[in-house]
Amino acid sequence: QVQLVESGGGLVQPGGSLRLSCAASGSIFRISAMGWYRQAPGKQRELVAGIINGGSINYADSVKGRFTISRDNAKNTVYLQMNSLRPEDTAVYYCNCVQWGTNYWGQGTQVTVSS
């Protein structure tokens, strides 16, 4: 079992920045991918950014150039740096990892972009 704990959400004005962190613990061997998803009210959960072992990274088109995902393997932590935030980025952000084909999820952290 893998446990994921997110932190760093909050309220920010449009154009501002936030950094989300997700720490993995438990049986963390052979985690093949980590990433961030988000779910806005009334919408489906969508991939924001993902990083695969070996360094391959992908982003949703809506966040390219504004968000950056990174991973610290020594700390078993994945980060999401979010810049130039927009009201449409408002959502609950979930950390995800994949181990042996099984998805694990964090509890979610709220990000609200509003003036």
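The values are calculated or read from the model by the stated rules, or taken from the named source; none is laboratory data. In this text the structure is predicted, and so the values were computed from the model without any measurement. A quick note on method: Cβ atoms are made from the backbone with ideal geometry, for glycine too, and the neighbour counts reach across all protein chains shown. Heavy atoms of the whole protein, side chains included, go into the accessibility calculation; ligands, DNA and RNA do not. Shrake-Rupley method; radii C 1.70, N 1.55, O 1.52, S 1.80 Å.
Each of Arg86 and Ser115 was given a label point 7 Å from its Cα along the Cα-to-Cβ line. The distance between the two points is 1.6 nm. The stretch between Ser25 and Ala60, if pulled fully straight at 0.36 nm per residue, gains 10.0 nm over its current Cα-Cα span.
Within the chain, Cys97 have no other Cys Cβ under 4.7 Å of their Cβ and so lack a disulfide-compatible partner by this rule.
If the segment from Gln107 to Gln1 were pulled out straight at 0.36 nm per residue, it would be longer than the present Cα-Cα gap by 36.7 nm. Probing with 1.4 Å while keeping every protein chain in the model, the per residue accessible area of region 3-115 equals 53 Å².
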